[in-house]
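Colleague: Dropping the structure in here first, questions after.
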Amino acid sequence: MILLAIGINYNTAPVAIREKLAFSPDELHHALQDLVNLSDISEAAILSTCNRTELYCVTQSADANLLIDWLSQHKRLPKIELTPYLYTFTDNACIRHICRVACGLDSMILGEPQILGQMKTAYQTAFDAQTIGKLLGKLFQHTFTSAKKVRTDTAIGSSPVSVAFAAVQLAQQIFDKLSEQTALLIGAGETIELTARHLSQQGIGRIIIANRTLEKAHHLAMQFNGYAISLAEIPTHLAEADIVISSTSSQLPILGKGSVESALKKRKHKPMFMVDLAVPRDIEMEVENLDDVYLYTVDDLQHTVEQNMNSRRQAALQAEEIIDTQVDYFLAWLRAQSAQTLIKDYRTQAEIWRDEALQKALISLNNGAPAQDVITRLAHTLTNKLIHTPSTQLRVAAESERHDVLAAALEIFQLNPSR
């Protein structure tokens, strides 16, 4: 059996191609079952995210054309338009690739943790579709263990590498309990959505989303049990905010020094933590001169992000070493599986010999033969049966100077060579 993976990702294909090859959750079950109905494929799983689509299969052949043809037909995309963007991995390379993906080493953001959850979802979907067997099931479980070890033994996920994450981490350092704080997020774009997600994951007490388009603010606020307001309503709610994070495309400041001063008076000068992620600035630079305001700009955070990215790159080198070891472990397990049939056949043959000798012994006992004689004959018969063929083959190996066979016998039978 051969492990085979084909796929595309953000490095090999533009979004126009990636979106054509993406699998929605609703179509995965049928796609997986259709995939294993192909004659050469016995197991299959599909990982589909915004940045990659990958098919993992157990096949009879290392030829990827069967999978490529299926993908082309299933997605109604001519093969000639698909193949320039595809990559293929088999066996050892496939094992290494899936481990690297799960650990975030193949991600757009190095070390990002979301991919592991997405891979677990891919495994569960294939399991539910009954397209996961012994080999892929073991590979996925081994992959999850490898990813956990990388997360535990390296710092690959401990340092924020987005300004949104860095802003939230900074807020955690300033406030003892985010659960007791209110965050005002200005804007409704990708950066603010990511900020809201990080704050929500860290247990923020309350989120207010302010945006020029109230409908967009409301849509985002609903995802995080927040409250939506328009930009014009900010002065009314600013005093409620312990944390203010802004990222809009406005060409003029959204928050001025006067508005912040008024809010501080209402708060009785309780400190405010403010982060301006916009370029041009959303918060007037004079605000940083106010007492009880901690104002940071995107430049302040960018230095931290770059330092953390360097830290992740160093951790990634450690992660690669861990993956090398984990790949070897899985290959050892894989090699052991090839001996299972041999072991089973040898045990079956031994049990046949045992049953034959035991039947003869029971007949002798029933015919009145002395028990001691019967047991002695049983032991002698079993010994001869078990050692006859190995002894004959070892003799032939010696005559043919097959020293490799003789050395293997010493190891298998745990013998010390006679002096």
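Colleague: What ranking of Met309, Met285 emerges when the number of other C-beta atoms within 10 Å of each C-beta is taken as an exposure proxy, fewest first? Display every interim value, and only then the final one.
Modeller: Working: Met309 17, Met285 12.
Ascending number of Cβ neighbours within 10 Å: Met285, Met309.
Colleague: Checking a compactness column here: for the chain, what do you get for Rg(Cα) / (2.2 N^0.38 Å), N being the number of residues? Don't skip to the end; give the middle numbers.
Modeller: On the way: Rg = 32.7 Å, N = 419, 2.2 N^0.38 = 21.8 Å.
Ratio of Cα Rg to 2.2 N^0.38 Å: 1.50.
Colleague: Please name which of Ser400, Leu410, His388 has its Cα lying farthest along the dipole of the range 368-419 towards the positive end, using unit charges on Cβ (Lys, Arg +1; Asp, Glu -1) and the Cα centre as origin.
Modeller: His388
Colleague: Can you tell me the Rg and Dmax of the range 2-153, counting just the alpha carbons, in angstroms?
Modeller: Expressed in Å, the Cα Rg and Dmax of the range 2-153 come to 14.3, 44.
Colleague: Val244's amide H: which non-local residues (gap 5+, or another chain) put their own amide H closer than 5 Å, with H modeled 1.01 Å from N in plane and none for Pro or chain starts?
Modeller: Here the answer is Leu184, Phe273, Met274, Val275, since their amide H atoms fall under 5 Å of that of Val244.
Colleague: What is the sum of charges, Lys and Arg at +1 and Asp and Glu at -1, for the other residues whose Cβ falls under 14 Å from the Cβ of Ser364? All intermediate terms of the calculation are to be shown ahead of the outcome.
Modeller: Details: positive: Lys360, Arg377; negative: Glu356, Asp373.
Charge balance near Ser364 sits at 0.
Colleague: Per-residue ellipticity at 222 nm for the chain, helices alone: DSSP H runs ≥ 4 residues times -39500 (n - 2.57), over residue total, nearest 500 deg cm²/dmol?
Modeller: -18500 deg cm²/dmol
Colleague: May I ask you to evaluate 6.51 cos²θ - 1.76 cosθ + 1.60, the Karplus curve with θ = phi - 60°, for each residue of the range 399-416 and list the ³J(HN,Hα) values in order in whole Hz, giving x for glycine and proline?
Modeller: 5, 8, 6, 8, 5, 5, 5, 5, 5, 5, 4, 4, 6, 5, 8, 6, 9, 9
Colleague: Please give the peptides 370-383, 322-335 ranked by average Cβ packing (other Cβ atoms within 10 Å per residue), highest first, as a rough proxy for protection. Write out the running numbers ahead of the final one.
Modeller: Details: 370-383: 12.9, 322-335: 15.0.
By packing density, highest mean first, the sequence is 322-335, 370-383.
Colleague: Here's a follow-up. Which is farthest toward the positive dipole end of the chain among Leu214, Gln201, Gln60, measuring Cα position about the Cα centre, with Cβ charges +1 (Lys, Arg) and -1 (Asp, Glu)?
Modeller: Gln60
Colleague: Ok, one more. To two decimal places, what compactness ratio does the range 230-305 give when its Cα radius of gyration is scaled by 2.2 N^0.38 Å?
Modeller: On the way: Rg = 11.9 Å, N = 76, 2.2 N^0.38 = 11.4 Å.
In units of the globular-protein estimate, the range 230-305 measures up at 1.04.
Colleague: In the range 163-305, what is the count of Lys pairs whose alpha carbons are under 27 Å apart, counting only pairs at least 8 residues apart or on separate chains?
Modeller: Here the count comes out as 9.
Colleague: If you don't mind, there's one more thing I want to ask. What is the helix-to-structure angle for 214-223, meaning the angle in degrees between its Cα long axis and the longest Cα principal axis of the chain, kept from 0 to 90 and rounded to the nearest 10?
Modeller: 40
Colleague: With all distinct Cα pairs included, what does the Kirkwood hydrodynamic radius of the range 161-218 come out to in Å, to one decimal, could you say? Mind showing how you got there, number by number?
Modeller: On the way: mean 1/r = 0.0864 Å⁻¹.
Mean inverse Cα-Cα distance, inverted, gives 11.6 Å.
Colleague: Taking only Cα atoms, what is the 0 to 90° angle, nearest 10, from helix 257-266's long axis to the longest principal axis of the chain?
Modeller: Tilt of helix 257-266: around 80 degrees.
Colleague: Roughly what angle does helix 91-102 make with the longest principal axis of the chain, taking Cα atoms, 0 to 90 degrees, to the nearest 10?
Modeller: Computed tilt is about 30 degrees.
Colleague: For each of Cys94, Cys103, count neighbouring Cβ atoms within 10 Å of the residue's Cβ, then give the residues from fewest to most.
Modeller: Details: Cys94 19, Cys103 31.
Listed from fewest to most nearby Cβ atoms, that is Cys94, Cys103.
Colleague: Note down the relative contact order for the range 343-412 as a percent, whole number, built from C-alpha pairs under 8 angstrom at least six residues apart. Present the calculation step by step, with values, prior to reporting the outcome.
Modeller: Details: 21 pairs, mean separation 16.9, N = 70.
It comes to 24 percent, rounded to a whole number.
Colleague: Still on this structure, I have one more. Can you give the translational diffusion coefficient of the range 163-305 in µm²/s, computed by Stokes-Einstein from the Kirkwood radius over Cα pairs at 20 °C and 1.002 mPa s? Mind dumping the intermediate values first?
Modeller: Working: Rh = 14.7 Å.
My calculation gives 146 µm²/s for D.
Colleague: Next question. Let me check against my output: what whole-number percent is the relative contact order of the chain, with C-alpha pairs under 8 Å and at least 6 apart?
Modeller: On the way: 565 pairs, mean separation 50.1, N = 419.
This gives 12 percent for the chain.
Colleague: Taking Cα pairs under 8 Å and at least six residues apart, what relative contact order does the range 163-305 come out at, in percent?
Modeller: Values: 265 pairs, mean separation 32.7, N = 143.
The normalised contact order for the range 163-305 reaches 23 percent.
Colleague: Shifting gears a bit: By how many nm would the segment from Glu399 to Glu233 lengthen if fully extended, with 0.36 nm per residue of separation less the alpha-carbon distance?
Modeller: Details: separation 166, 0.36 × 166 = 59.76 nm, distance 9.61 nm.
Length difference between fully extended and current span is 50.1 nm.
Colleague: Could I ask something else about it? Which lysines have a Cα lying under 26 Å from the Cα of Lys138, excluding residues fewer than 8 positions away in the same chain?
Modeller: Lys120, Lys148, Lys149, Lys344
Here, each number is a calculation from the coordinates, and none is a lab measurement. Please read these numbers as outputs of a predicted model, since none were measured by experiment. FYI the Cβ positions are ideal-geometry reconstructions off the backbone, even for glycines, and counts take in every protein chain you see.
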